[in-house]
Amino acid sequence: MKTALLLTGIVALLGTPSSGLKVSTSLDWIEYTPQRYAADNFYKGSSPVQISSGGVATIARDNSVDLAANAETQGLKQLSGRRSLRLIYMVCEAQYRIVANKAKGINALEDLKGKRIGTIPGTSAGYFVNKFLKTAGIQPGQYTVASGNACMKAPCGQGTLPQMLQAGQIDAFGLWEMYALYTTAEKLADARIRADIVEFVRALNQTLDVYNNDPKKVFARVAELVRSDADVVEAVWPEHLWTGRWAPDLIDFLVEEDAYLAQEDRRQPIPRADIEKFLDTSILDELGL
Ligand SMILES: *[C@@H]1O[C@H](CO)[C@@H](O)[C@H](O)[C@H]1NC(C)=O
């Protein structure tokens, strides 16, 4: 009897789709926190936002997800298989650059030739290292890439990039990304969902105002969300540009990056016209942002 009741309860749960916006995102990065802050402090949509762990790959395969956030590299990778994906808001440009060990004789970019460089391969960080070293004439075969993890709080554990640098396992490491909000053309065409997306982007815009102009207010909360320390968050804050709308030259940047990813992933490059459609300013335009 009890089992039967329980089963009925489960069926009822499954049969009731929630009407709140579902957002899939990485919960580990500072760049993610404006979504949480916007949902908690400013969002005025139809019902509360549900934020869960994932990213743009989730929105491409799970139709119940309305929004996703991830770096531009993952966006392009998913766009190659799903052309209705849309990038609608630029949350952050995280400019970590390359950190190197002076004790290994590294004083300029050129000195990285023949060195062992830590990054996160297959991500925007990996792309950045490749692109940045090329500007000094260093080709992919002229250095070694070592994979490592991020560290949010000291002491940094085994296999994290700062620990590897300190232990001499790598000579330098590089991280970088453009962190954006994605949805699909289908979601944007659904009037009810679109109205909530507009409200969410409005709330993000209010959040970025705080992040840009009154960040002291959020250091502790951001640190708590990503399990870091408030003074570390404060120290790295200038490396994060809280952007909103992107510059017109982003299209050229993405076309170039996609050519690189296409080669890495052994696929055809995405036609420029499809990347133009991917960069969808309709929500920003609607809000006058
Ligand atoms: C976006 O944020 C700015 C402050 O940075 C504010 O002045 C503006 O009214 C906001 N726009 C919308 C549509 O909320």
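Coordinate-derived values only; no laboratory data. Just so it is clear, the model here is predicted, and its values are computed rather than measured. No Cβ is skipped: glycine too gets one built from the backbone with ideal geometry, and neighbour counts run over all protein chains shown.
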Prolate/oblate/rounded call for the range 138-289, Cα gyration tensor, a/c under 1.5 rounded: oblate
Spin-label model distance (nm) - residue 150 vs residue 169, 7 Å beyond Cα toward Cβ: 1.9 nm
Return the long-range amide H neighbours of residue 86 (sequence gap of 5 or more, or a different chain), with a cut-off of under 5 Å between placed amide H atoms. 183, 184, 185
To the nearest 500 deg cm²/dmol, what mean residue ellipticity at 222 nm is calculated for the chain from DSSP H runs of n ≥ 4 alone, each contributing -39,500 (n - 2.57), summed and divided by the residues? -12000 deg cm²/dmol
Tally the DSSP beta bridges in the range 97-175 and give the antiparallel ones as a percent, rounded to 5. 35 percent
For residue 102, give me every one of the lysines with a C-alpha distance below 28 angstrom, ignoring sequence neighbours fewer than eight places off in its own chain. 113, 115, 131, 134, 153
Note the full-extension length gain between residue 27 and residue 241 as 0.36 nm times their separation in residues minus their Cα-Cα distance, in nm to one decimal. 75.2 nm
Cα-Cα pairs of the range 97-175 separated by more than 17 Å (percent): 38 percent
Taking the alpha-carbon set of the chain, what are its Rg and Dmax in Å? 20.7, 74
Arrange the following residues from fewest to most other Cβ atoms within 10 Å of their Cβ: 128, 219. 219, 128
Please say if the range 44-202 is rounded, prolate or oblate, where rounded means a/c under 1.5 for a ≥ b ≥ c the square roots of the C-alpha gyration tensor eigenvalues, and otherwise the choice is prolate for a/b larger than b/c and oblate otherwise? prolate
About the Cα centre of the chain, what is the dipole size in debye to 20, counting +1 per Lys and Arg Cβ and -1 per Asp and Glu Cβ, all else neutral? 660 debye
Among bridges DSSP assigns within the chain, what percent are antiparallel (round to 5)? 60 percent
